[in-house]
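As structure tokens, the structure follows; a few thoughts come after it.
The values are calculated or read from the model by the stated rules, or taken from the named source; none is laboratory data. Note that the coordinates shown come from a computational prediction; the quantities given were computed from them, not determined experimentally. Glycine also receives a Cβ, built like all others from the backbone with ideal geometry; neighbour counts cover every protein chain displayed.
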Amino acid sequence: METPGRDIGAEPTPDELLGRVADGDRAAFAELYDQTGARVLGLIKRLLKDHSQSEEVTQEVFLEIWQTATRFDPAKGSASSWMLTMAHRRAVDRVRASQSSRDRDTKIGIRDYETSYDSVTEQVEIRIEHERVERALGRLTELQRQAVQLAYYGGYTHNEVSQMLHVPIGTVKTRLRDGMIRLRDELGVAS
């Protein structure tokens, strides 16, 4: 079939070939691939860098071209720009999927990473800290120490400490406050 305004021996344009591909012409598809395959692969390879992934995405693009050629509208642009837009989208999707996969692997790796620690060192540090607290508690008045030990080590509420020591709740709160201030000073903790 002859197209007006075209030389008889001239190669068909991608627009003409895509129109024939839309009609299911396999030979036109092969010729379209021969004409545009290198350009599509080049665009994809610029985005993906990896040659084997680029070839895979190029194959996906040409499969999509074969399946959706009927959707091509020459009034909206050329066949080449339609195909290159499709290739660009596929390549960007692959980049995003790869990045998402790497991010997911990193998160899993961080989650599963077990930090090694020296349990002996940890036990020694706990013992030293416990001894510091015991010495600091020894420097409190007997009334302050009773209130602190009942409230913080015993886990009792202010009301319960008040009942156990037979003193008003305000007195318990004052002893606790004064005791905690003194402990803070003894342990060198900043307020």
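Among the residues examined, residue 183 does not qualify as buried (at least 18 other Cβ atoms within 10 Å of the Cβ), under 23 Å from residue 129 (Cβ atoms) and at pLDDT 90 or above. For segment 140-168, how many residues meet the condition of being surrounded by fewer than 14 Cβ atoms within 10 Å (Cβ to Cβ) and modelled with pLDDT of 90 or more? So the answer is 7.
Taken over segment 25-44, the criterion of being aliphatic (A, V, I, L, M) and either under 12 Å from residue 59 (Cα atoms) or at pLDDT 95 or above (or both) is satisfied by 27, 28, 30, 32, 38, 40, 41, 44. Of everything in segment 132-164 that is β-branched (Val, Ile, Thr) and not in a loop (DSSP other than H, G, I, E, B), the residue that is nearest to residue 188 (Cα to Cα) is 133. Residue count for segment 97-126 satisfying the condition of being part of a helix (DSSP H, G or I) and either modelled with pLDDT of 90 or more or not basic (Lys, Arg) (or both): 20. Residue 96 falls short of the stated requirement of being in the same structural domain as residue 173 (by TED's automatic domain parsing) and either closer than 23 Å to residue 185 by Cα or surrounded by 10 or more Cβ atoms within 10 Å (Cβ to Cβ) (or both).
Is it the case that segment 66-86 has a residue that's outside any helix (DSSP H, G or I) and either of a type in the set (Val, Ile, Thr) or closer than 16 Å to residue 24 by Cα (or both)? Among the residues of segment 66-86, at least one is outside any helix (DSSP H, G or I) and either of a type in the set (Val, Ile, Thr) or closer than 16 Å to residue 24 by Cα (or both), which makes the answer yes.
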